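Asks: Please see the structure below; I have some questions.
Any read-out appearing in this document is the output of simple, stated calculations on the displayed coordinates, not a laboratory observation. Keep in mind the model is a prediction, meaning the values are calculated, not measured. Neighbour counts run over all protein chains shown; Cβ positions are idealised from the backbone, glycine included.
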Amino acid sequence: MTSRVESTAIDGPMLKDLNILLGVTGGIAAYKAVDLAGKLTAAGAHVQTVMTKSACRFVGPKSFETITCAPVFTSLWNDPEGRKSSHIALAEWADVVVVAPASADMIGKMANGICDDLLSTTLCTSWSCRMLFAPAMNTRMWENPAVQQNVATLREMGVQMIGPAAGRLACGAEGVGRMAEPQEILATIEAIGSELIRGKIEKDG
Ligand SMILES: Cc1cc2nc3c(=O)[nH]c(=O)nc-3n(C[C@H](O)[C@H](O)[C@H](O)COP(=O)(O)O)c2cc1C
């Protein structure tokens with residue numbers, strides 16, 4: 001299956017045939033990631049989902065499996081497609097890596113090169129890919145200097161951030177920490193896809 005970027009097709013819906021690796025981490029906003037996965041799939045993108053153990057406590061893998069029509073990856077040691085190293089295969093496959101919601105924990109792991117589960121290991125493997133993180137957490141967590149330092153490190157590495165937005169949080173408090181809305185994330189992925197295709201066309205002459 002040729003990815004959208006490889007085919008350099010600039011006409012038509014930009015998300016069609018774009019390979020998107022969706023990382024889902026453990027926060028209340030994980031339910032919004034189901035909506036994002038559905039919108040991406042409906043737009044013609046190929047979505048492969050990697051969920052952390054904590055994410056699976058908020059939303060079942062079956063929701064993503066059903067909505068993306070693709071197996072969901074939850075373990076470094078058990079690849080539903082029977083490959084030896086899913087973290088490498090997933091990183092090679094992806095045109096764009098999206099982590100939504102991105103927990104404080106996963107932001108910290110990625111910023112510090114920690115690889116202790118499938119998602120963190122896949123992110124470490126795909127560091128040179130286009131990456132979009134949509135952080136979501138309580139305002140106190142977001143404002144923690146260590147979290148802010150990790151976010152700055154990711155930005156320096158070229159990771160794009162979307163949100164978090166201000167508003168009512170799941171814990172009932174008001175503040176910065178809400179995950180960006182799926183529609184907004186989708187529009188940003190579309191823009192990234194367009195940049196990737198134009199970059200490939202320029203490179204290939
Ligand atoms: C009810 C509940 C809600 C949580 N919400 C968030 C959240 O929105 N953002 C966050 O960074 N961590 C949140 N956490 C903490 C994470 O689940 C925890 O740090 C976990 O280790 C993250 O694992 P992961 O990064 O592997 O998904 C929450 C925990 C609980 C129990």
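Asks: Quick one: Karplus J couplings for the stretch 96-102, per residue in order, coefficients 6.51, -1.76, 1.60, θ = phi - 60°, nearest Hz, x for Gly and Pro?
Replies: So the J values, rounded to whole Hz, are 9, 10, 10, 10, 8, x, 9.
Asks: A further question follows. Out of Val72, Val147, Val34, any idea which swings most in a Gaussian network model of the chain, alpha carbons joined below 10 Å?
Replies: Its mean-square fluctuation being the largest, the pick is Val147.
Asks: Would you please calculate the Kirkwood hydrodynamic radius of the chain over all C-alpha pairs and express it in Å, rounded to one decimal?
Replies: 17.0
Asks: OK, next. For the stretch 192-205, take each phi angle, set θ = phi - 60°, evaluate the Karplus expression 6.51 cos²θ - 1.76 cosθ + 1.60, and give the result in whole Hz per residue in order, putting x for glycine and proline.
Replies: Couplings: 5, x, 5, 4, 5, 5, 4, x, 5, 4, 5, 5, 6, x Hz.
Asks: Let me ask something additional. Among DSSP beta bridges lying fully in the chain, give the percent that are antiparallel, nearest 5.
Replies: If I count the DSSP bridges inside the chain, around 15 percent turn out antiparallel.
Asks: If you bin the C-alpha pair distances of the stretch 106-205 every 5 Å from 0, what whole percents do you get?
Replies: P(r) over the stretch 106-205, rounded to whole percents: 2, 12, 18, 20, 20, 14, 8, 3, 2, 1, 0.
Asks: Another question about this same structure. Sorted from fewest to most neighbouring beta carbons within 10 Å, what does the list Cys69, Cys171 look like?
Replies: Placing the least packed residue first, the sequence is Cys69, Cys171.
Asks: Roughly how many debye, to the nearest 20, is the charge dipole of the stretch 15-196 about its Cα centre, given +1 on each Lys and Arg Cβ, -1 on each Asp and Glu Cβ, and no other charges?
Replies: 320
Asks: Taking 28 Å as the cut-off for C-alpha to C-alpha distance, list the pairs among Lys32/Lys53; Lys16/Lys109; Lys16/Lys62; Lys53/Lys200; Lys39/Lys200 that go past it.
Replies: From Lys32/Lys53; Lys16/Lys109; Lys16/Lys62; Lys53/Lys200; Lys39/Lys200, over 28 Å: Lys16/Lys109; Lys53/Lys200.
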